[in-house]
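What follows is a set of notes on a single structure, which appears directly below.
The values are calculated or read from the model by the stated rules, or taken from the named source; none is laboratory data. A quick note: this is a predicted structure, and the numbers were derived from the prediction, not measured. Here the Cβ is made from the backbone with ideal geometry for all residues, glycine too, and neighbour counts use every protein chain on show. Just the protein is used for accessible areas: all its heavy atoms, side chains included, with ligands, DNA and RNA removed. Shrake-Rupley method; radii C 1.70, N 1.55, O 1.52, S 1.80 Å.
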Amino acid sequence: MRGNVLWLSAASFLNDAASEMIYPLLPLFLAGTLGAGAAFVGMVEGAAESASSLLKLASGWMADRTGKRKRLTAIGYGIAALGRPLVSVAAVGWHVLAVRLLDRVGKGIRTAPRDALLAESVPEARRGAAFGLHRAADHTGAVAGPLIASALLLVLDGDLRTVFALAVIPGLLTVAVVAWRVRETVPAPRPADAPAPPLPRLRELGPVLPRYLGVLVLFTLGNASDAFLLLRASQVGVPTPAIPLLWGALHVSKAAWSVWGGRWSDRVGARTAIITGWLVYAAVYAGFAFVDAQWQVWALFIVYGLFFGLTEGPEKALVAGLAPAGLRGSAFGAYHAAIGLAALPASVVFGIVWQSVSSQAAFGMGAAIALMAALLLPLALPRARKHPN
């Protein structure tokens, strides 16, 4: 676990430190400073993810077409690094929406090429561990970001806007790491009978991968933005200065479980790890529906990290294993696009149910959808020797 795995992990650490200096405070900034409701928070987060979906699809295809994974990765990180701190000058809700869209444009450009670059930098038998390490570094950065934000809030007497502006520093360091340390890989040759399409077509990705993506879309429809977890924590009584620390604790849990989850999936199969993770998610969301004490919120956030450790690395390792030769960038583009396109209705519907019915009903809905997806995944991915089951 060195070379590209090490430096891409370092880049994710720095990028997430920059992002998480802002993200856990953004729902409170929207609801408190700018006066936006839960439905608008859902629209911002859902639209931000969906905006990057087509870009992920296109950038994955472009990575396969040109073989330039590193260049697209660096461009994507650069756009996010420069655009994200602009939230510091937001005066109304739609300003935040515009900045989040710009941030997600950067993510849309970089994600599929970066994942393809990472998958091509390790042997197939080590992909789960490599993606697990990468996600652990990402989550460790998400621990550092809230801690930095909390320290700055104490020094700056609660000045959110200055904290948001200072996020430009780790963002620019991210771009420097990718530009100077990451090395381009040589993609696997595309078969002669599989020319690059104008944009990736699902049928060219084989019979199994589209079924897998279909179940992922179903799960994502119940996987609303984590901004709602922070709103729920505030609703239960967690004080605002503790919100970044709560968010940091979640990412400590994510980082702690990610490497183990990736290695475990290499042993038992990605499918088993993902199903287990979705069941954990259903249990945690059911818990958030009934939580009524601060200590319960902290406990649920810690357990929630296990879900990420069991799914993030294994999901990507499974995509890499199912992707046809020469179309791995396109496969990752389709994977991220499927999740991103489902993110908008997921967060918007969650916010509407929260605002019109109750937060308990919204979390109960998410738990039910996750349970349904966990039951359907074995039907979509029967055990077979041709893919990591």
Percent accessible area from carbon and sulfur atoms, the chain, protein chains only, probe 1.4 Å: 68
Residue-wise HN-Hα coupling along segment 70-78, computed from phi with Karplus coefficients 6.51, -1.76, 1.60 (Hz; x: Gly, Pro): 4, 4, 5, 4, 5, 4, x, 5, x
With Cα atoms, 0 to 90° folded angle of helix 208-221 axis to the chain main axis: 10
Degrees, to the nearest 10: 53-66 long Cα axis against longest axis of the chain: 30
Cα-based shape type of segment 275-370, given that a ≥ b ≥ c are square roots of the gyration tensor eigenvalues and the cut on a/c is 1.5: oblate
Solvent accessible area, Å² - ARG135, 1.4 Å probe, full protein context: 30
Listed residue (ALA373, ALA149, PHE350) projecting farthest to the positive dipole end of the chain, Cβ model: ALA373
Under 21 Å, Cα to Cα: Lys pairs in the chain, sequence gap 8 or more or different chains: 12
Accessible heavy-atom area order of TRP295, TRP260, highest first, probe of 1.4 Å: TRP295, TRP260
Size of electric dipole in segment 259-355: Cβ of Lys, Arg +1 and of Asp, Glu -1, about Cα centre, debye, nearest 20: 300
C-alpha long axis of helix 168-181 to longest principal axis of the chain, angle in °: 20
Accessible area per residue in Å² at 1.4 Å probe, computed on the chain: 38
Among ALA90, PHE164, HIS139 - extreme Cα towards positive end, dipole of the chain, charges at beta-carbon: HIS139
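Normalising by the residue count of the chain, find the relative contact order in percent from Cα pairs under 8 Å and 6+ residues apart.
After rounding, I find 30 percent.
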Leading residue at positive end of dipole, segment 250-389 (Cβ point charges), from ALA334, PHE307, GLY269: GLY269
Protein-only accessible surface order, largest first, of TRP257, TRP180, TRP264 at 1.4 Å: TRP180, TRP257, TRP264
Solvent-accessible surface ranking, highest first, for MET372, MET365 at 1.4 angstrom: MET372, MET365
Nearest-20 debye value, the chain charge dipole, Cβ charges on Lys, Arg, Asp, Glu: 1340
Net charge dipole size for segment 47-181 [Lys, Arg +1 and Asp, Glu -1 on Cβ; Debye, nearest 20]: 500
